[in-house]
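Worksheet: one structure, shown below.
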Amino acid sequence: MNELLKSIEPAVNPNVPHLDPGDIVSVHAKIKEGTRERVQEFKGTVLFTHNNGSNSSFTVRRIASNGVGVERTFLTRSPRLEKVVIDRHSKVRRARLYYLRGRTGKSARLKQRF
């Protein structure tokens, strides 16, 4: 039974590195518009990750125009992810950064981890 499940399970995407909460990442995802396909960049902070085998995902939050927060969840094993670039690691003390949703400006900043 395990062999059958492993044959159906999607392969690990080699373009997605190990992500931690607080990382500032740039996600390059393929977007399909009609017949054309293009790559769109989504840059923001990783709020949390779900490590659940083929259902693994991570959520990225960024501040769009007029201070509106936008969150987007990506599947880690998705072939639609062209590449994920980690721009910076941040020092955080918890696994889920929900508190960043209510913050803007300087209070939403995270210290850099070297």
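Points worth noting:
- Structure-based [θ]222 nm, the chain - -39500 (n - 2.57) summed over DSSP H runs of at least 4, per residue, nearest 500: -1500 deg cm²/dmol
- Using θ = phi - 60° and Karplus 6.51 cos²θ - 1.76 cosθ + 1.60, couplings along the stretch 15-26 (whole Hz; Gly, Pro as x): 8, 10, x, 5, 10, 10, x, x, 5, 8, 10, 10
- Cα gyration tensor, the chain - rounded (a/c under 1.5), prolate or oblate: oblate
Laboratory data are not the source of any read-out in this text; all were calculated from the coordinates shown. Source: prediction; values computed, not measured.
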